[in-house]
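This report refers to the structure that appears directly beneath it.
The values are calculated or read from the model by the stated rules, or taken from the named source; none is laboratory data. Bear in mind that the values here come from a model prediction, so they are computed numbers and not experimental data. Cβ atoms come from the backbone with ideal geometry, glycine included; neighbour counts cover every protein chain shown.
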Amino acid sequence: MRMYKEAVVLSQLGLATGNRPNGSVIVRSPCSTSNLGPGYDVFGLALDALHDTVEVCFLEKDEIVVEVQGVYSKGVPVEIDLNSAGRTAIEFSRRYGAFGCKIRVEKGIPPGSGLGSSGASAAGTAVALNLLLGLKLEKQELVDIAAQGEIAAAGAAHADNVAPAIYGGFVVIRSYNPLQVLSLTPPKDFDFAIALPLGIKKTTKKARSVVPENVPISSVVQNIGAASCIVAGLLLSDFDLFGKGMLGDVILEPSRAPLYPGYLEAKEAALDCGAVGATLSGAGPAVIALVNRKDTDPSRVAKSMRLVFEERGIACQEYVARPTMGAHTI
């Protein structure tokens, strides 16, 4: 088992000390997919395929300690400001007073996968500290705090992964300033096939850097229409409408597809197998496809995408997932 550990003394951050609550809690935090094609930084969906486990316990010393272990711990930064869980704890200290704590993250979600790995760690930490500190914060406030943790991995405080990881189900980030989150319950029978090409390495910062800052108004209109189809499909339990929305992105996919060899072929393979929609999961490289189980076996769709990557010599894992609940104690 790999373990990485880092600590920071709160006084070094200019934070007041002296608040020393007691106790510990363990939280399970789900993976998530974001964007779903046209909903850049707006749409997010919690999935049951993978999860992180976050344990937080208070310390007598005025310091924050972060430990990272598990199958996917390699490559996760140990510096507090570069770790989404550590940065989330620091944000709690800045807002509500300093405390000492140890955060142990069991990484079950591969970093850089496009499945909300850093978001799951940040969300789990936020939920745990809210309970331990007895703050009774609303979920939207927890999302706001955890989004600051995302700066560690993405360079930006985006909420489309931490929000579904905290709320569960499907979320719409209505506004960032001020933060407003809309939570929707997705149909339970929505199945998603996922291919995760582990052989493709990327950073979220790199994937965000290629997104164009200026786009034609016609492209904006196209993406708004596609995003509207996703929400309508969700509310109407309409697989085809939701899937058409996933296929309607004309802004993100053209800019990010070149980063991922085999992506477009995997997407085509999923559609050929009967998926009603397919796109990059978040910033990639994972590919996610919506499948109506009544018509198509989702595991068959996931396999078809995996084989595309493996034929290119790229190691790949496949999953079948459904919407799930948000971070919770275990």
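Within the stretch 38-51, the set of residues being surrounded by fewer than 23 Cβ atoms within 10 Å (Cβ to Cβ) and either touching a helix residue (DSSP H, G or I) at 6+ places or on another chain (Cβ under 6 Å) or assigned by TED's automatic domain parsing to the domain that holds residue 246 (or both) comprises just one member, 40. Within the stretch 105-125, the set of residues being among the aliphatic types (A, V, I, L, M) and without any contact (Cβ under 8 Å) to a residue 60 or more places away in the chain comprises 105, 122.
When the stretch 86-144 is filtered for residues that are outside any helix (DSSP H, G or I) and among the basic types (Lys, Arg), the ones remaining, listed by number, are 102, 104, 107, 136. When the test is whether a residue is surrounded by fewer than 22 Cβ atoms within 10 Å (Cβ to Cβ) and more than 30 Å from residue 145 (Cβ to Cβ), residue 211 does not pass it. Only one of the listed residues (251, 288, 314) is within 28 Å of residue 158 (Cβ to Cβ), surrounded by fewer than 24 Cβ atoms within 10 Å (Cβ to Cβ), outside the structural domain of residue 44 (by TED's automatic domain parsing) and in contact with a Ser or Thr (Cβ under 9 Å, 6 or more places away or on another chain). That residue is 251. What residue, among those in the stretch 69-102 that are β-branched (Val, Ile, Thr) and under 19 Å from the mean Cα position of the chain (by Cα), is farthest from residue 136 (Cα to Cα)? The extreme case among them is 71. Taking first residues from the stretch 286-299 that are within 26 Å of residue 111 (Cβ to Cβ) and partners that are of a type in the set (D, E, K, R), the Cβ contacts under 7 Å between residues at least 6 apart in sequence or on separate chains come to 287/267; 298/191.
For the stretch 63-80, does any single residue satisfy the condition of being at pLDDT below 95, more than 23 Å from residue 203 (Cα to Cα) and not acidic (Asp, Glu)? Within the stretch 63-80, one or more residues are at pLDDT below 95, more than 23 Å from residue 203 (Cα to Cα) and not acidic (Asp, Glu). Residues in the stretch 267-285 that are in contact with a Ser or Thr (Cβ under 8 Å, 6 or more places away or on another chain), surrounded by 22 or more Cβ atoms within 10 Å (Cβ to Cβ) and not charged (D, E, K, R): 269, 270, 275, 281, 282, 283, 285. Kindly provide the set of residues from the stretch 120-173 that are among the hydroxyl-bearing types (Ser, Thr, Tyr) and farther than 21 Å from residue 186 by Cβ, ordered by number. The answer is 121, 125. The helices (runs of 4 or more DSSP H) found entirely in the stretch 233-330 that carry 2 or more residues being of a type outside the set (A, V, I, L, M, F, W, C) and under 19 Å from the mean Cα position of the chain (by Cα) are 252-256. State the number of residues belonging to the stretch 68-82 that are within 29 Å of residue 323 (Cα to Cα), crowded, with 18+ Cβ neighbours inside 10 Å and in contact with a strand residue (DSSP E or B) (Cβ under 7 Å, 6 or more places away or on another chain). So the answer is 4.
Scanning the stretch 73-85 for residues that are touching an Asp or Glu at 6+ places or on another chain (Cβ under 8 Å), outside any helix (DSSP H, G or I) and either closer than 21 Å to residue 131 by Cβ or hydrophobic (A, V, I, L, M, F, W, C) (or both) yields 78, 83. Screening the candidates 54, 8 for the property of being within 18 Å of residue 78 (Cα to Cα), surrounded by 17 or more Cβ atoms within 10 Å (Cβ to Cβ), at pLDDT below 95 and not polar (S, T, N, Q) yields one hit, 8. Considering 165, 147, 120, 157, the condition of being modelled with pLDDT under 95, in contact with a strand residue (DSSP E or B) (Cβ under 9 Å, 6 or more places away or on another chain) and under 16 Å from residue 43 (Cα atoms) is satisfied by 157 alone.
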